1. Anything in the range 239-266 that is surrounded by 17 or more Cβ atoms within 10 Å (Cβ to Cβ), farther than 24 Å from R196 by Cα and in contact with a Phe, Trp or Tyr (Cβ under 6 Å, 6 or more places away or on another chain)? List them, or say none.
2. Would it be correct to say that L332 is farther than 30 Å from N122 by Cβ, in a helix (DSSP H, G or I) and assigned by TED's automatic domain parsing to the domain that holds F314?
3. Quickly run through the range 253-264 and pick out the residues that are assigned to a helix (DSSP H, G or I) and over 17 Å from the mean Cα position of the chain (by Cα).
4. Give the number of residues within the range 315-362 that are at positive phi and surrounded by fewer than 23 Cβ atoms within 10 Å (Cβ to Cβ).
5. Residues being among the polar types (S, T, N, Q) and outside any helix (DSSP H, G or I): count how many of those fall in the range 113-146.
6. Being at pLDDT 95 or above and either among the hydrophobic types (A, V, I, L, M, F, W, C) or in a loop (DSSP other than H, G, I, E, B) (or both) is the filter here, so list the residues in the range 342-369 that pass it.
7. More than 29 Å from E12 (Cα to Cα) and touching a residue at least 60 places away in the same chain (Cβ under 8 Å) - does that describe any residue in the range 80-94?
8. Identify, from the list R22, R73, the residue that is surrounded by 23 or more Cβ atoms within 10 Å (Cβ to Cβ), of a type in the set (D, E, K, R) and either over 27 Å from T353 (Cβ atoms) or assigned by TED's automatic domain parsing to the domain that holds G201 (or both).
Amino acid sequence: MTDFADRDWQLETLAIRTGIDRTQFGEHSEAMFLTSSFVFDSAAQAAARFGGSEPGNIYARFTNPTVTAFQDRLAVLEGAEFCVATASGMAAITSCIMGLLSAGDHIVASKSLFGSTVQLFNTILSRFGIETSYVDLADTEAWERAIKPNTRLLFVETPSNPLTELGDIAALSAIAHRHGALLAVDNCFCTPALQRPLTLGADIVIHSATKYLDGQGRVLGGAVLGSKQLLEPVFGFLRTAGPTLSAFNAWVILKGLETLKLRMEAHSRNALELAGWLEQQPNVSRVFYPGLPSHPQYALALRQQRFGGGIVTFEVAGGREAAWCVVDSTRLMSITANLGDVKTTITHPASTTHGRITPEARTAAGITEGMLRIAVGLESVEDLKRDLKAGLAQ
């Protein structure tokens, strides 16, 4: 592998050059290893590999050179010592919690979480004796008050989905460590191109690699990052339970990382322009975007993020009927709940991404019936404005 251990190169260089491990053919692009298992030179070597005394690949459920290349590259970008790649973002969250927590433990989480994460915490983890309390993301005092003697993890998305609320990572880290707990940050919306939570004090970074890390909506993937010692139980869970990232998906996302910085800066520029334009539209009652001075945590966004990111959320007057009218009037934007694609997507969170949680939980999270989320892609911003005009006019 190319030696980038000192990590002195710039992010865009590391995103292209880290993790290259050429075979005897001398290929310039990273190789893809599509195999379920690996052959050993001898019975002794097989025993050594399985026993852990000799490094090397064993079985693709938990060791594969292509997956390792992706893990190495993302770890360097996030400033992490270790990365565990998983089959999806939800698999990453599940692996993290099942690896590190036990029955009787307590999680403090933001009210502003992705709907599937809330479902995982409320309907699955609760059956295994892991309790979750929810607090307002931006209220650091509420996080402190929610801590219990058995609190083991603080879990936060920042920016949040879909309201782009921010959590103060440094402040939350201090609270967690003061009480002997860990801080996990879902960095899906920003990626390491815009935000590096570990440098701000977080212990764990979670990714849905399906989103911006891939960047073209092609494959599913996830990752958990942190120190090697901390994440050994997470790797142990993956090795046994098997929520594994495939070699093909790892290769696709590995190539996506090469353009991550360029794409995230372009997404952010487009999103900022579109958010400013939406604020001027008469039927838009509110716009949520961290790059706008009107965002209540704009000052924190300037400290914590390089740019505002690609997600713009806004409310239209008239509730669900009006929101659906805007969605159905678009001709350019893709009506889908996925995000992080070069193609702009639009969705109605209350009936899609957060449709499975209770109305009370949606209200607590600030998700209204008139709210729409746009994941701004890389098309012309003028074309995106034109695509929204007809629906907003109605």
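The values are calculated or read from the model by the stated rules, or taken from the named source; none is laboratory data. Predicted model, so just to flag it, every value in this text is computed and none were measured. No Cβ is skipped: glycine too gets one built from the backbone with ideal geometry, and neighbour counts run over all protein chains shown.
1. Across the range 239-266, the qualifying residue is only A247.
2. no
3. K255, L262
4. Residues in the range 315-362 being at positive phi and surrounded by fewer than 23 Cβ atoms within 10 Å (Cβ to Cβ): 2 in total.
5. 2
6. V342, K343, T344, I346, H348
7. Yes, the range 80-94 contains at least one residue that is more than 29 Å from E12 (Cα to Cα) and touching a residue at least 60 places away in the same chain (Cβ under 8 Å).
8. From the options R22, R73, the qualifying one is R73.
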